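Engineer: Here you go, one structure.
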Amino acid sequence: MMPANCPAFLSIAHPASAVPSHASHVCDATDTALALALLRHLTDSIYLMDPDGRITLVNRAAADELNLDDPHRAQGRHWSQLWPCIDGARLKDALAEAAEGETVRLTLFCPGVRGADKHREVTLCPIEGTDGRTVKILCIARAVPAK
């Protein structure tokens, strides 16, 4: 079951009881495409990663934040490589908690790549597969004013 405070549209697959067996592959592909399209157009920085922290998708806002000309350049890299100024142990612990199914919230400080230092509210949301195990982690990062 997905945590209540994560976006509900991010389930990877429907339970077998919710979709007729002949239509489940069509619905899964359509729902996944819709979810990915929505993630790409959000104004918050979005990172979709495997439970080990390897990036599978960043949206345009995240690519801009990282000063990447193409969001695909982040694919396959570890999340900690994209934010090297953050304590690696802290990121590793947060990823481990999310991989275990916990929603994790952090406030991180990192110098901006364009010279603007920023605090970021970061939420890591586990995304479960049909077997209940975490198959992806969604990271939503939002710049917030320094306190």
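Engineer: So which of THR123, THR107 ends up being at pLDDT below 90, in a strand (DSSP E or B) and of a type in the set (Val, Ile, Thr)? Spell out how you get there, then give the answer.
Structural biologist: Numbers: THR123 fails: at pLDDT below 90.
It is THR107.
Engineer: On to the next question. Determine whether segment 32-46 contains at least one residue that is under 18 Å from THR134 (Cα atoms), surrounded by fewer than 18 Cβ atoms within 10 Å (Cβ to Cβ), basic (Lys, Arg) and modelled with pLDDT under 90.
Structural biologist: Scanning segment 32-46 turns up no residue that is under 18 Å from THR134 (Cα atoms), surrounded by fewer than 18 Cβ atoms within 10 Å (Cβ to Cβ), basic (Lys, Arg) and modelled with pLDDT under 90.
Engineer: Would segment 127-138 turn up any residue that is modelled with pLDDT of 90 or more, among the acidic types (Asp, Glu) and part of a loop (DSSP other than H, G, I, E, B)?
Structural biologist: Yes; the residues of segment 127-138 include at least one that is modelled with pLDDT of 90 or more, among the acidic types (Asp, Glu) and part of a loop (DSSP other than H, G, I, E, B).
Engineer: May I pose another question? If I ask for residues that are assigned to a loop (DSSP other than H, G, I, E, B), of a type outside the set (A, V, I, L, M, F, W, C) and closer than 24 Å to ALA99 by Cβ, which ones from segment 52-75 would you list? Don't jump to the end; show me each part of the working.
Structural biologist: Of the residues in segment 52-75, the ones assigned to a loop (DSSP other than H, G, I, E, B) are 52-53, 59, 66-70, 75.
Applying the additional criterion that residues be of a type outside the set (A, V, I, L, M, F, W, C) yields 52-53, 59, 67, 69-70, 75.
Once the filter is applied, which keeps residues that are assigned to a loop (DSSP other than H, G, I, E, B), of a type outside the set (A, V, I, L, M, F, W, C) and closer than 24 Å to ALA99 by Cβ, segment 52-75 yields ASP52, GLY53, ASN59, GLN75.
Engineer: Which one is nearest to ALA143 (Cα to Cα) among residues in segment 76-89 that are assigned to a loop (DSSP other than H, G, I, E, B) and modelled with pLDDT of 80 or more? It would help to see each step written out before you state the result.
Structural biologist: Taking segment 76-89 first, the residues assigned to a loop (DSSP other than H, G, I, E, B) are 76-77, 83-87.
Then drop every residue that is not modelled with pLDDT of 80 or more, which leaves 76-77.
On the way: GLY76: 24, ARG77: 22 Å.
Filtering segment 76-89 for residues that are assigned to a loop (DSSP other than H, G, I, E, B) and modelled with pLDDT of 80 or more, the one nearest to ALA143 (Cα to Cα) comes out as ARG77.
Engineer: Same structure, new question: For PRO20, which of the numbered conditions (1) modelled with pLDDT under 75; (2) not in a loop (DSSP other than H, G, I, E, B) fails to hold?
Structural biologist: (2)
Engineer: Let me ask another. Which members of segment 54-83 meet the condition of being of a type in the set (S, T, N, Q) and either in contact (Cβ under 8 Å) with a residue 40 or more places away in the chain or surrounded by fewer than 19 Cβ atoms within 10 Å (Cβ to Cβ) (or both)?
Structural biologist: If we filter segment 54-83 for residues that are of a type in the set (S, T, N, Q), which is where we start, we get 56, 59, 67, 75, 80-81.
Answer for segment 54-83, where residues must be of a type in the set (S, T, N, Q) and either in contact (Cβ under 8 Å) with a residue 40 or more places away in the chain or surrounded by fewer than 19 Cβ atoms within 10 Å (Cβ to Cβ) (or both): THR56, ASN67, GLN75, SER80, GLN81.
Engineer: Specify which of the listed residues (ILE127, ILE140, ILE86) is more than 12 Å from the chain's Cα centre (by Cα), among the β-branched types (Val, Ile, Thr) and buried (at least 17 other Cβ atoms within 10 Å of the Cβ). Give the steps one after another, and end with the answer.
Structural biologist: On the way: ILE127 fails: more than 12 Å from the chain's Cα centre (by Cα); ILE140 fails: more than 12 Å from the chain's Cα centre (by Cα).
Being more than 12 Å from the chain's Cα centre (by Cα), among the β-branched types (Val, Ile, Thr) and buried (at least 17 other Cβ atoms within 10 Å of the Cβ) holds for just one of ILE127, ILE140, ILE86, which is ILE86.
Engineer: Based on what the data block shows, is ALA29 assigned to a helix (DSSP H, G or I), surrounded by 17 or more Cβ atoms within 10 Å (Cβ to Cβ), modelled with pLDDT under 90 and not acidic (Asp, Glu)? So that I can check it myself, show each step before the final result.
Structural biologist: Values: assigned to a helix (DSSP H, G or I): yes; surrounded by 17 or more Cβ atoms within 10 Å (Cβ to Cβ): no; modelled with pLDDT under 90: yes; not acidic (Asp, Glu): yes.
In short, no.
The values are calculated or read from the model by the stated rules, or taken from the named source; none is laboratory data. No experiment lies behind these values; they were computed from the predicted model shown. All Cβ positions, glycine included, derive from the backbone under ideal geometry; neighbour counts span all protein chains shown.
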